[in-house]
Amino acid sequence: MLQFWEHGYEATSVGNLVSATGVNRGALYADFGGKRELFLACLSHFQDAAVTPVFADVEAEDAGLAAIEAYLNDGVTEIQKFGLPARGCLMGNTLTELGPHDDEIAKIVNTHYDRLSDGFARALANEIDMSPSGAEIKELAGFLAVSAQGLWAYARAIDNINDLKKKVRLLIELVKLKLTAMSDNTGSKRTGATA
């Protein structure tokens, strides 16, 4: 997974995979059938090993904006730990490399995007006591999902972590303003959308 994550699908050869895993070529083919099948298994593993642990608090039933903010800040902390430029998000990297011309990959990446968007929608809805299926909440959640992917992609091209931290702060401020406006427009109870 890390080999694909750091170098991309096309730039990773079976020889690279043999070197990275210490498993011989025949065993890789016997277990997975080929490079593509191994890559698909890695995308699935990425969901379990990388996404689920860091996104669990956002997906919690009682999550709110604080969980979203923590998720983004934790992502920045993780990037800082490993250094810049970052390797980005495996799903985001895959979207730009393979998504435009591979329907199966595009479907997998879109499922990931939907997961982020749905988690954000529930947390945002909790924040202002609205339905997560409302059009405005869904639109804001989709914006957040795209923005998060954009942050991780942007981290692949910078060398100053403070720049990324500023962008996360601004994103959260914008979301707070939007939540406040939505709450004021509908008369919903605000539970901390302003700070």
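If you plug the beta carbon distance of Leu40 and Ser133 into 1/(1 + (r/R0)^6) with R0 = 35 Å, you get a FRET efficiency near 0.70.
Multiplying the residue separation of Thr186 and Tyr29 by 0.36 nm and subtracting their alpha-carbon distance yields 50.8 nm.
The calculated FRET efficiency for the pair Arg156 and Lys107, based on their C-beta separation and a Förster distance of 22 Å, comes to about 0.40.
List the relative contact order of the chain as a percent without decimals, with contacts defined as Cα pairs under 8 Å and 6+ residues apart. Relative contact order comes out at 22 percent. Given bins 5 angstrom wide, list per bin the percent of all Cα-Cα distances in the chain, short to long. Reading the bins upward from 0: 1, 7, 15, 18, 17, 14, 11, 7, 4, 3, 2, 1, 0.
Structure shown: which of Lys81/Lys166; Lys138/Lys167; Lys35/Lys107; Lys107/Lys178; Lys107/Lys167 lie over 27 Å apart, alpha-carbon to alpha-carbon? Table pairs above 27 Å Cα-Cα are Lys107/Lys178; Lys107/Lys167. Say a paramagnetic label sat at a point 7 Å from the Cα of Phe82, along Cα to Cβ; which residues of segment 1-41 have their backbone N under 12 Å from it? Only 1-8 pass the distance filter.
Read-outs: derived from the displayed coordinates by stated rules, not from any lab. These numbers were taken from a predicted model, which means no experiment stands behind them. Heads up, the Cβs are rebuilt from the backbone with ideal geometry, glycines too, and the neighbour counts pull from every protein chain shown.
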